[in-house]
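The values are calculated or read from the model by the stated rules, or taken from the named source; none is laboratory data. Everything numeric in this text was worked out from a predicted model, so none of it was measured. Cβ coordinates were reconstructed from backbone atoms using ideal geometry, including for glycine residues, and neighbour counts include every protein chain displayed.
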Amino acid sequence: MSKKPLILGIETSCDETAASLITEDGQGVPIVLSNVVSSQIDVHKEFGGVVPELAARSHTEKIDLIVKKAIKDSEKNIAEIDAIAATAGPGLIVCLSVGLSFGKALAATLNKPFIAINHLEGHALSPKLNSKLKYPYLVLLISGGHSQFLSVQGLGKYKRLGTTIDDALGEAFDKTAKLLGIEFPGGPQIEILAQKGDPNKYDLPKPIFNKGGCNLSFAGLKTAVLKISKNINNEKEKFDLAASFQKTIEKILYKKTKIAFFEFEKLNELKEKNFVIAGGVAANKKIREMMINLCNEKGYKSIFPPINLCGDNAAMIGMVGLEKYKIGEFNDLNFPAKPRWPLDEKALFLKGAGVKL
């Protein structure tokens, strides 16, 4: 293949409207030519969370401009694009439908292949944008909507080792921030407030800490924060609660990750031990520091996407599209939006009342 593939990636699974142009170098390493992300923080701030209908409307208003900017920034021509890759799930269906429909329409207009991308696969493979990562590896995906440990065997080959049985970690951060009076999206601010507080002030619960393998639970922790927050009287106590929450999360992830290491090693014969931490919460510096120390302790190499590619973006979508393009894995234009689309289709659904661990 003399001409290097040029892939347009589109992402609208939640509240980020994003587009990116991806190609590769002579060794098959992805090159990000452009990566445009338009956030909707101001749209949802007064509601304290993402309102799906408003998010979809904002995507509809912006998608054409964002894609045009991505093409312009890449210094490529639209006619040079070889395929269009768009997120098809999981996510908010009204939001997914905007980017998916736009991507399909553009593919049809240009008479180019269309590739439907699993948003989680984008996160799971995102470190390939800045590292030569070989399969298999273990990934911890921690974002606003997802928290899970996955054994990544290859493109399209995933085995889930653990997941949250209730809230995602990013959701727990955002809801704790809201209880502390921090404007949406407040999750990233927890770490900043925590630096001013006493992490040992509040003894917060660690749900399913001693059972459930490497499955996770954050609902009970969030409830405890709610009860304490009602009796906070000053800034110092707010800082202490943020610090206690941050420390509790670190303890939970430390223990559950050790169990995930054990489960991962049972599944694979490993020449090298690679551990990827991806998703929006992977930008949390204290969690990064703790994970690096744990990896050093257990003989793993810790791998993170660049900070700007931890959250939702189209570069990771285009990169998975590039991988699929090279093996001719395309999709029909009637491919549906999938609000729920697990990477491991055989994994049990572990959410809701009555979950047995």
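Screening Ile252 against (1) touching a Lys or Arg at 6+ places or on another chain (Cβ under 6 Å); (2) part of a loop (DSSP other than H, G, I, E, B); (3) closer than 30 Å to Pro136 by Cα; (4) of a type in the set (A, V, I, L, M) leaves a single unmet condition, (2).
Got a sec? Which of Lys258, Lys286, Lys238 is assigned to a helix (DSSP H, G or I), under 30 Å from Ser34 (Cα atoms) and either touching a helix residue (DSSP H, G or I) at 6+ places or on another chain (Cβ under 8 Å) or not aliphatic (A, V, I, L, M) (or both)? Matching residue, one of Lys258, Lys286, Lys238: Lys286.
Within the stretch 65-84, can one find any residue that is assigned to a strand (DSSP E or B) and either among the small types (Gly, Ala, Ser) or assigned by TED's automatic domain parsing to the domain that holds Ala315 (or both)? If you could, list the steps in order and put the result at the bottom.
Step one: filter the stretch 65-84 for residues assigned to a strand (DSSP E or B), giving 83-84.
Imposing the further condition that a residue be either among the small types (Gly, Ala, Ser) or assigned by TED's automatic domain parsing to the domain that holds Ala315 (or both) reduces the set to 83-84.
Yes: the stretch 65-84 contains one or more residues that are assigned to a strand (DSSP E or B) and either among the small types (Gly, Ala, Ser) or assigned by TED's automatic domain parsing to the domain that holds Ala315 (or both).
Among the residues of the stretch 118-166, those identified as polar (S, T, N, Q) and either assigned to a loop (DSSP other than H, G, I, E, B) or closer than 27 Å to Leu92 by Cβ (or both) are Asn118, Ser126, Asn130, Ser131, Ser143, Ser147, Gln148, Thr163, Thr164. Residues in the stretch 287-301 that are more than 19 Å from the chain's Cα centre (by Cα) and exposed (fewer than 14 other Cβ atoms within 10 Å of the Cβ) were compared, and the one that is nearest to Lys159 (Cα to Cα) is Gly299. Of Ala219, Ala278, all but one fail to be small (Gly, Ala, Ser) and surrounded by 19 or more Cβ atoms within 10 Å (Cβ to Cβ); the exception is Ala278.
Every residue, every condition in (1) out of contact with any Lys or Arg (no Cβ under 7 Å at 6 or more places or on another chain); (2) modelled with pLDDT under 90; (3) loosely packed, with under 15 Cβ neighbours inside 10 Å, yes or no:
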| position | (1), (2), (3) |
| --- | --- |
| Phe304 | no, no, no |
| Gly311 | yes, yes, no |
| Ile317 | yes, no, no |
| Ile327 | yes, no, yes |
| Phe335 | yes, no, no |
| Lys346 | yes, yes, yes |
| Leu350 | yes, yes, no |
| Lys356 | yes, yes, yes |
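Within the stretch 264-286, restricting attention to residues that are under 20 Å from Gly213 (Cβ atoms) and β-branched (Val, Ile, Thr), which residue is farthest from the chain's Cα centre (by Cα)? Result: Val276.
Residues checked against (1) modelled with pLDDT under 95; (2) farther than 28 Å from Asp344 by Cα:
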{"position": "Pro127", "(1), (2)": "yes, no"}
{"position": "Ser131", "(1), (2)": "yes, no"}
{"position": "Phe149", "(1), (2)": "no, no"}
{"position": "Ala168", "(1), (2)": "yes, no"}
{"position": "Phe173", "(1), (2)": "yes, no"}
{"position": "Gly181", "(1), (2)": "yes, yes"}
{"position": "Pro185", "(1), (2)": "yes, yes"}
{"position": "Pro207", "(1), (2)": "no, no"}
{"position": "Lys222", "(1), (2)": "yes, no"}
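Of note, Ile317 satisfies the criterion of being in contact (Cβ under 8 Å) with a residue 12 or more places away in the chain and under 20 Å from the mean Cα position of the chain (by Cα).
Filtering the stretch 46-68 for residues that are of a type in the set (A, V, I, L, M, F, W, C), out of contact with any strand residue (DSSP E or B) (no Cβ under 7 Å at 6 or more places or on another chain) and over 26 Å from Glu171 (Cα atoms) leaves a non-empty set.
Checked against (1) at pLDDT 95 or above; (2) of a type in the set (Val, Ile, Thr); (3) in a helix (DSSP H, G or I), Ile192 passes all but a single condition, namely (1). Of all the numbered requirements in (1) at pLDDT 95 or above; (2) in contact with a strand residue (DSSP E or B) (Cβ under 7 Å, 6 or more places away or on another chain); (3) closer than 23 Å to Glu323 by Cα, Lys4 misses one, and that requirement is (1).
Among residues of the stretch 105-132 that are under 25 Å from Arg160 (Cβ atoms) and small (Gly, Ala, Ser), those with a Cβ under 6 angstrom from a residue that is modelled with pLDDT under 95 and assigned to a helix (DSSP H, G or I), sequence gap 6+ or separate chain, pair up as Ser126/Leu309.
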